[in-house]
Structure formats: structure tokens, C-alpha cells
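Below is one structure, written out as C-alpha cells, with a few remarks after it.
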Amino acid sequence: MSVLQEIREAVIEGQAKVVVPKVEQALQEGIDANTILHDALIDAMGEVGQLFEDGEFFVPEMLIAARAMSAALEVLKPQLVEQGIEPVGKVAIGTVKGDLHDIGKSLVAMMLEGAGFEIINLGVDVSPEKFIAEIKNGAQIVAMSALLTTTMPNMKLTIDAIKDAGLRDQTVVLVGGAPVTAAYASEIGADGYAPDASAAVRKAKELLGV
Ligand code: B1M
């Protein structure tokens, strides 16, 4: 079995203690961080989702797989993040209210950080008020992630709350997450949508004109 397959299997089995040295080994073997991320880690989480849908995995298995993936991301972070010198803009990022999915949002945050953005990572289950407070603190981009069809509407609620607070002209809103589409983003009045972390960086730069 190749080291990428070993990483994939270990993430699915939630073995963080195996994943970390295997990711280090893959890097030492000269495998690119992006290849490890996409071909082993993201692919593994896709399989975990499928096993959950098939009724073979339950929430605890998803959770330990997510922990293993997060541990691997920490190892990859220095490679994924190449620090920009001057911050190109300030981003308040979070997973919307009611939603506890952290990994995709953290990956987007890492990539934006690598592209030179200053990141305010608000975590998960973020209320509209918390995003609004960060706009008042100078965040130029509000970046919202949602992984559940049931929490996607909270993106719209947040945009509406930003409008009600009279701050809509001071910020651009970027949205993403597995169930979110470009059509949904435009329907709720977001300024931009990105399907993955690299596209989020491109879109954030485009929106700020940097
Ligand atoms: Co949950 N979960 N989960 N889960 N979980 C999904 C999302 C699900 C698709 C699984 C399935 O059924 N196949 C399903 C949602 C179904 C739906 O709504 N249509 C689901 C469900 C149902 C649930 C619960 C309701 C289960 C339950 O309790 N019965 C529950 C909800 C809890 C809550 O949030 N209130 C739940 C809980 C959990 C755990 C807590 C156990 C755990 C998360 C732990 C953690 O994050 N620390 C978990 C996990 C791990 C998953 C899966 C397996 C993996 C998610 C993940 O990390 N993917 C997921 C299945 C799947 O996605 N295939 C699933 C890897 C990550 C890199 O991808 O987050 O999509 P993703 O991010 C991508 C892009 O989407 C994009 O860039 C990223 C990388 O390029 N992106 C953005 C993300 N945010 C962006 C923002 C942007 C731009 C791009 O701009 C701002």
C-alpha cells in the first residue's frame, strides 16, 4: 500500500496517531502537500461521508475521523501557508450558526492566510452578531461556511443582519461549503462563492481587487 493510501485508511479509521507520522513520512518522501491534502485527506473524508450515508458509520466515527484529519492539517499547515508580507485584507471567517463542521472552513482560513490575508477565525456556530462585531473591527470580508442544508439559510440571516446594521456597503460576503452553490450564493445576496479553498483565495482577491 502506498503512503497516501495508508494515510487515507488511517483517517477513515480515525487513527490520528498513525496519520501524523505517515503525513510526515509522505512529506519526507517528497510528496507535495497539496497531493497529500487532496488525494489522501479530502478523499478520506468523502469516504467517511459515504459510510455515514450508508449507515455504516455514525457520528462518533465521523468525529474521530475529523480529529485525525485536523491533526494531519496541522502537520501540513507550514507547507500550505506561505506567509505574505503585508496583509492584503482582513477576513472574518466562520461556520454559520447551528453548524459545527470545522475542517473545510479551517482549510479556507489557512489558504487565505497563506495568500497574505489577516484572518479572524471565529470558529463554528457563529452568530450574525459575531460577524457584525468583526466588520466594526475592520474586517473587509465576511467568509461564511455551511455544511448542512439546514444551516445554509443562516448565511442569508447573517447577510440580512449585516444589512439591518447598516454595514452591508462596508464588507464583501464570500460563501462556500459542500451544499452551497453559486446560484444559492447569488440568491441570498452574497458577493461571491467558491467551491474549494484555492478558489476562495482567488475569489477573495478578486472581490477586494488585490
Ligand atoms: Co457531518 N455531515 N454532521 N459531521 N459530516 C456531513 C456534512 C454530511 C454531508 C454527511 C453525509 O450525510 N454524507 C451530512 C450533511 C447532509 C446535509 O445537510 N445535506 C452531515 C450530517 C447530517 C451531520 C449531522 C446532522 C449528523 C447527526 O448528528 N445526525 C451532524 C450535524 C452537527 C452540526 O453541525 N450541528 C454532523 C456532525 C459531524 C461531526 C461533528 C461528527 C463531524 C465534523 C467535525 C469537525 O468538523 N470538527 C462531521 C463530519 C466530519 C462530516 C463529513 C464526513 C466531512 C466534512 C469535512 O470535513 N469534509 C461530511 C461528509 C462530506 O462532506 N462528504 C459530513 C472535508 C472538508 C475539507 O470539506 O468542509 O466540504 P468541506 O470544505 C471544502 C469545500 O466545501 C469548501 O472548501 C473546502 C476544501 O476545499 N468550503 C468553502 C468550505 N467552506 C467554505 C467557505 C468558503 C469557500 C469554500 O468561503 C467562505
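Scan region 87-95 and give yes if some residue there is surrounded by fewer than 22 Cβ atoms within 10 Å (Cβ to Cβ) and either over 21 Å from Glu134 (Cβ atoms) or of a type in the set (Ser, Thr, Tyr) (or both), otherwise no. No: zero hits.
Of the helices (runs of 4 or more DSSP H) entirely within region 22-141, those holding at least 1 residues that are within 24 Å of Val11 (Cβ to Cβ) occupy 43-53, 59-80, 103-114. Evaluating Arg67 against the criteria (1) more than 8 Å from the ligand (Cβ to nearest atom); (2) open to solvent by 70 Å² or more (accessible area, probe 1.4 Å); (3) of a type in the set (Lys, Arg) leaves one unmet condition, (1). Gly189 - would you say it is farther than 21 Å from Glu113 by Cβ, open to solvent by 50 Å² or more (accessible area, probe 1.4 Å), without any contact (Cβ under 8 Å) to a residue 40 or more places away in the chain and not in a helix (DSSP H, G or I)? Considered against the rule, which asks whether it is farther than 21 Å from Glu113 by Cβ, open to solvent by 50 Å² or more (accessible area, probe 1.4 Å), without any contact (Cβ under 8 Å) to a residue 40 or more places away in the chain and not in a helix (DSSP H, G or I), Gly189 comes out as no.
For region 142-151, which residues satisfy the criterion of being touching an Asp or Glu at 6+ places or on another chain (Cβ under 9 Å) and surrounded by 20 or more Cβ atoms within 10 Å (Cβ to Cβ)?
Val142, Ser145, Ala146, Leu147, Thr151
Which one is modelled with the lowest pLDDT, of the residues in region 101-122 that are out of contact with any Leu (no Cβ under 8 Å at 6 or more places or on another chain), within 14 Å of the ligand (Cβ to nearest atom) and open to solvent by 20 Å² or more (accessible area, probe 1.4 Å)? Spell out the reasoning first.
First pass over region 101-122, keeping only residues out of contact with any Leu (no Cβ under 8 Å at 6 or more places or on another chain): 102, 105, 108-109, 112-113, 115-118, 120-122.
Now drop any that are not within 14 Å of the ligand (Cβ to nearest atom), which leaves 102, 105, 108-109, 112-113, 115, 117, 120-122.
Filter once more, so that each one left must be open to solvent by 20 Å² or more (accessible area, probe 1.4 Å): 102, 108, 113, 115, 120-122.
Details: Asp102: 95, Val108: 92, Glu113: 85, Ala115: 76, Ile120: 97, Asn121: 97, Leu122: 98.
By that ranking, first place goes to Ala115.
The values are calculated or read from the model by the stated rules, or taken from the named source; none is laboratory data. All of these numbers come straight from a predicted model, not from anything done at the bench. Here Cβ is always computed from backbone atoms with ideal geometry, including for glycine, and neighbour counts include all displayed protein chains. Surface areas here come from the heavy atoms of the whole protein model, side chains and all, with no ligands, DNA or RNA. Shrake-Rupley method; radii C 1.70, N 1.55, O 1.52, S 1.80 Å.
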